[in-house]
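Here is the structure we will look at, set down as structure tokens.
No value in this document is a laboratory result; all are computed from the given coordinates. All values derive from a computational prediction rather than experimental measurement. FYI the Cβ positions are ideal-geometry reconstructions off the backbone, even for glycines, and counts take in every protein chain you see.
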Amino acid sequence: MRIVESWSTKQFKTTIYAMERWHVVEFEAGPMKQAYKFMKDSHPSPAAVKEALTETFLAGVYTNFEQMYINFKENGLK
């Protein structure tokens, strides 16, 4: 697995990795990470993966992070 592209926004850091059959997109916010796999058959390039990262998709990622943070906080983890 190798890093193809990485960038940061105010909400999270995003990294695209290339594997043999997949592109893996990893989102990182504080102590939490989420990863999504995109088949190279349907998303052959990093540009195609970036096109799939629509505002709606990214809003869902952010919502997941909010829930993860609530779970993290409610369970006394620091």
Pair D41, L53: separation of 7 Å Cα→Cβ label points (nm): 2.5
Degrees, to the nearest 10: 55-74 long Cα axis against longest axis of the chain: 30
Test item: Cα-centred dipole of the chain, Lys/Arg +1 and Asp/Glu -1 on Cβ, debye: 220
Projected label distance in nm at R2 and I70, using a 7 Å step from Cα toward the beta-carbon: 4.2
W22 long-range amide H proximity, modeled H, under 5 Å: K40
